[in-house]
Each structure stands twice: as structure tokens, then as C-alpha cells.
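The values are calculated or read from the model by the stated rules, or taken from the named source; none is laboratory data. From a predicted model like this one, the values you see are computed outputs, not experimental measurements. Every residue, glycine as well, gets a Cβ built from its backbone with ideal geometry; the counts of neighbours run over all protein chains shown.
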Amino acid sequence: MKNSILTFLAGAFFGAGLALSGMTDPLKVVAFLDIFGFWDPTLAFVMGGALLVFGGGYFLLRGNIELPGNPEEKISSNLILGAILFGIGWGLGGFCPGPAIANLGALRLEALVFVPTMAIGMMLVQRIYRIDG
């Protein structure tokens, strides 16, 4: 029960941060990604703040956490393809998974289309690569 409450509070804190920072506004995200047009650099401060929080947490916990994956693993073509597809989707839709799910609560039409489409894509990848999930 204690973990459930902590998980809920962490999710609520994360969602509130997304909303306050403007990360849930697809137009603001697309303006941030449009470096050759009407670029809006304000989300760089959000990302910088997130890096500072991550860096501080990592520094404090570095000996107490086990990181997933094999550090000897090479960067694969599947990883590169996935990153490219993620970037294209983010640039076209203005959503990445966290803000898209946060926007479901606001019943934004874009999120109501994006999230099911994202879920279908995830299921297709699981089937194509036979990933146990």
C-alpha cells in the first residue's frame, strides 16, 4: 500500500510538472523543435532542470542502484530506427508518451488519437520482435 501511494504521488508530481512547464502543450513542443522557424527555446530550461534533478539523484544514489542492461552492448540499428521514429512522431504530433498520457485527463482530441495509436504501435513492435511484455 505504501508503494502504491508513493507511486501515485510521484506520478501526480510528474504530471503537474509537465503541465506547469508547458510540456503538455503540443504547439509549444513543436515550436521548441522548430529550430529553423519560429523557435521557442523555453523548454530547454525545463530539460536543463530535469537533467539537474537527474544528475543530483544519480550522484546521491550511484552506489545503491543497479542499472539495467549490459554496458558492453553496442548501439543497434533497431535502437537507431526507434529513436528516429520517436523523433519524427514527437515532431509531427508534439507529443511524447508522458505528456500524451497527461493530456488524456484533459480529454484533448490530439491525445485521444495519439495515445491509442501509440499503444497500437507498441503492440505491433512486440508482435514483430516477439517481445514478452
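In table form, for the structure just shown:
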quantity: Condition check for LEU43: more than 30 Å from GLN126 (Cα to Cα), of a type in the set (A, V, I, L, M), more than 15 Å from the chain's Cα centre (by Cα) and at pLDDT 85 or above; calculated: no
quantity: Of residues in the range 83-97 being modelled with pLDDT under 85 and in a helix (DSSP H, G or I), the one nearest to MET122 (Cα to Cα); calculated: GLY89
quantity: Odd one out for VAL30 among (1) buried (at least 17 other Cβ atoms within 10 Å of the Cβ); (2) touching a residue at least 60 places away in the same chain (Cβ under 8 Å); (3) closer than 30 Å to PHE8 by Cβ; calculated: (3)
